[in-house]
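This report refers to the structure that appears directly beneath it.
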Amino acid sequence: MEKQVLDKLFVPYLSKADIHSAIEQMGQKINADYEGKKPLFIAILNGSFMFASDLFKQIEIPAEISFIKLASYKGTKSSGSVVTAIGLESDVFERDVIIVEDIVDTGKTLSEFLPQLMHQQPRSLKVCALLHKKEATKFPITIDYMGFEIPNLFVVGYGLDYNGYGRNIDQIMQIAE
Ligand code: 5GP
């Protein structure tokens, strides 16, 4: 059934069951790939809180999770905006790090954040994203674990918001065209 969030109408796109089975598969793959390791998951707030919670429940190997926010500042004219991580208390030095992101759109956020994290010399750094708008790519990012490739249309629900609202919807909905 369609849903109104603020002034926009959204239609069902990915059901609870779709999301659950994708996350189960991602979790199983991570469990296998990281056997014998103790990865550190770093989830990027706000959007990824539901995804991170459900994904982490699928993890059966010893693992830690930390939540961060990314704040973007206007840098100098030459460097454009600069992204800083708020709340990254865990030491990533020589850790196997898995970034948990709700959606990769243009790739800008991660293309700025990943190189910064690399400075802290993790042993490995991989990206896990529930959604990827491939057609919107401006900054190519390797997504190691991906739930769904989706068209370049705005989505809400399952943690994703429209102007702060709609995060509590238990499925992913697409803007009605
Ligand atoms: P990027 O830096 O890859 O262009 O954008 C990533 C961020 O943009 C995501 O973490 C998310 O916050 C926001 N975003 C991109 N597309 C959507 C969308 O369709 N719906 C929502 N709610 N947020 C989006």
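Points worth noting:
- The residues of region 41-159 have, on average, 50 Å² of accessible surface per residue, using a 1.4 Å probe with all protein chains present.
- For the chain, built as a Gaussian network whose Cα springs stay under 10 Å, the top-fluctuating residue of Phe41, Phe51, Phe113: Phe113
- Fraction of accessible area attributable to carbon and sulfur, region 1-137 (%, probe 1.4 Å): 52
- Fully extended contour minus Cα-Cα distance, from Asn46 to Met146, at 0.36 nm per residue: 34.1 nm
- The Rg/Rh ratio for the chain, using Cα coordinates for both the radius of gyration and the Kirkwood hydrodynamic radius, is 0.97.
- Sites excluded, trypsin sites (Lys or Arg not before Pro) in DSSP loops with at most 10 other C-beta within 10 Å, longest stretch of the chain: 1-76
- When DSSP beta bridges are restricted to pairs lying wholly in region 1-78, around 35% turn out antiparallel.
- Alpha carbon convex hull of region 99-177, projected area averaged over orientations, nm²: 5.9
- Residues of type aspartates and glutamates that Lys134 reaches as a straight line, Cα spacing below 16 Å, ignoring anything fewer than 8 places off in the same chain: Glu101, Asp102, Asp105, Asp144, Glu149
- Residues with amide H under 5 Å from that of Tyr158, placed H, sequence gap 5 or more: Ile169, Asp170, Gln171
- Cross-link partners of Lys133 among lysines (Cα-Cα below 26 Å; sequence separation of 8 or more within a chain): Lys3, Lys8, Lys16, Lys29, Lys57, Lys69, Lys74, Lys108
The values are calculated or read from the model by the stated rules, or taken from the named source; none is laboratory data. Since we're looking at a predicted model, the values are computed, not measured. Glycine gets a Cβ as well: all are built from the backbone with ideal geometry, and neighbour counts include every protein chain shown. Ligands, DNA and RNA are stripped out before the accessible areas are found, and what is left, the full protein with its side chains, is counted by its heavy atoms. Shrake-Rupley method; radii C 1.70, N 1.55, O 1.52, S 1.80 Å.
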